[in-house]
Amino acid sequence: MARSLRIVVADDEPRMRAYLREALIDLGHDVVAVAASGRELVEACRAARPELAVTDVKMPDFDGIEATAEICREMPLPVVLVSAYHDQATVERAEAAGVMAYLVKPIVEADLGPVIALAIRRFDELQSLRKEAADLRQTLEERKLIERAKGLLMKTAGVDEANAFQRLQKLASQKSKKLIDAARMVLAVESAFS
């Protein structure tokens, strides 16, 4: 095991909840909450802020897949689904909800360790990709604003692109701002006059 995780467990069967809790503790994890329904799972995740959830599918209120979708909307969290149901529709729902791994009952303790490790690794990779995509979108949006500001300087000052860029750099330096902030200042001045 790489590290101890804070885990929430959810299953409507008391024996299964107890088994999962004990198995996870035996694997070195900290079970911070145990839930008997989908609603309890969501509330437990809100309160305990776990690093992983292990949940059954069929539970009262709403099922583990619906609970996973709600949890992941509020706070990204790797989820391992443990279920006796493994039909294609259930698997597709689980995938769409953001489930990172799926174990079919009956399970043994030895199954949990590798599945948890893979779920955490997949989740970390997905989060990294999401951050990278967000950073790229932000960079692209900033580049567009800088280009618009350069275009405005070229038009109003009658200078070429290189000179317009130098003027933006000089403005940023004089104001101790980033280049994007200087571009926003130039564009704000333009919008004030239009």
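Throughout, read-outs are computed from the coordinates displayed, never taken from laboratory work. Just so it is clear, the structure is predicted and the values come from calculations on it, not from any experiment. Virtual Cβ from ideal backbone geometry, glycine too; neighbours counted across all protein chains shown.
Things to note:
- Qualifying positions in region 60-78 - surrounded by 24 or more Cβ atoms within 10 Å (Cβ to Cβ) and either closer than 18 Å to Ala18 by Cα or among the small types (Gly, Ala, Ser) (or both): Gly64, Ala67
A quick yes/no check of all residues on (1) of a type outside the set (D, E, K, R); (2) in contact with a helix residue (DSSP H, G or I) (Cβ under 6 Å, 6 or more places away or on another chain); (3) closer than 22 Å to Ala117 by Cα:
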position	(1), (2), (3)
Leu5	yes, no, yes
Glu13	no, no, no
Ala47	yes, no, no
Met59	yes, yes, no
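- The residue list Ala183, Ala110, Ala162, Ala119 contains one member that is touching a strand residue (DSSP E or B) at 6+ places or on another chain (Cβ under 6 Å) and of a type in the set (A, V, I, L, M), which is Ala119.
Conditions (1) surrounded by 11 or more Cβ atoms within 10 Å (Cβ to Cβ); (2) within 24 Å of Ser83 (Cβ to Cβ), marked per residue:
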| residue | (1), (2) |
| --- | --- |
| Arg121 | yes, yes |
| Glu132 | no, no |
| Asp135 | no, no |
| Glu142 | yes, no |
| Asn163 | yes, no |
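Here's the yes/no breakdown for (1) of a type in the set (Gly, Ala, Ser); (2) in contact with a strand residue (DSSP E or B) (Cβ under 7 Å, 6 or more places away or on another chain):
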site	(1), (2)
Val8	no, yes
Leu20	no, yes
Ala23	yes, no
His29	no, yes
Val57	no, yes
Cys72	no, no
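- For region 181-191, a tally of residues being farther than 13 Å from Gly151 by Cα, among the aliphatic types (A, V, I, L, M) and surrounded by fewer than 18 Cβ atoms within 10 Å (Cβ to Cβ) returns 3.
- Hits in region 103-139 - residues which are among the aliphatic types (A, V, I, L, M), within 20 Å of Ile65 (Cα to Cα) and assigned to a helix (DSSP H, G or I): Leu112, Val115, Ile116, Leu118, Ala119, Ile120, Leu126
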